[in-house]
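Working notes, structure below.
The values are calculated or read from the model by the stated rules, or taken from the named source; none is laboratory data. What you see is a predicted model, and the numbers here were worked out from it, not measured in a lab. Neighbour counts are summed over all protein chains in view; Cβ atoms, including those assigned to glycine, are modelled from backbone coordinates with ideal geometry. Only protein heavy atoms, including side chains, enter the accessible area calculation; ligands, DNA and RNA are left aside. Shrake-Rupley method; radii C 1.70, N 1.55, O 1.52, S 1.80 Å.
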Amino acid sequence: LVDGFPAWSAARSSDLIRAYSVAVLKSNTWPGACTFGFDKKFENIYIGFGHKYSSENYSPPPPPPVFEEYTTDLEVTEVPDPTVADEQALLAMQQEQLEREAEEAEMEDDEEDDD
């Protein structure tokens, strides 16, 4: 028994012509589970959520509290994106710096060779 009800409820598809009616059994334990049969053939079907019947209504737990906004301090600030001209100027400056470092390394090599 499920909360005072039998585990299965039986019914016929039609009472008009009993010879051709289909027998239907519905589960009271697993809502959505059905068995139907005619003559010596039967099938089972389940269309449900995978939860047993419960007389208490299901109530999901409440969601967690919403987080506070991230507080920004002086270290975290927003700045506008650089323009294409700014990026090209930065790349040119980095290229010049690489060339200067290469020249300095070459000069050091020449000084070592002189010794």
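Tabulated data
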quantity	calculated
Check on Glu56, under 30 Å from Asn28 (Cβ atoms), open to solvent by 100 Å² or more (accessible area, probe 1.4 Å) and out of contact with any Gly (no Cβ under 7 Å at 6 or more places or on another chain)	yes
Of all residues making up region 59-95, the number that are open to solvent by 90 Å² or more (accessible area, probe 1.4 Å) and not in a loop (DSSP other than H, G, I, E, B)	6
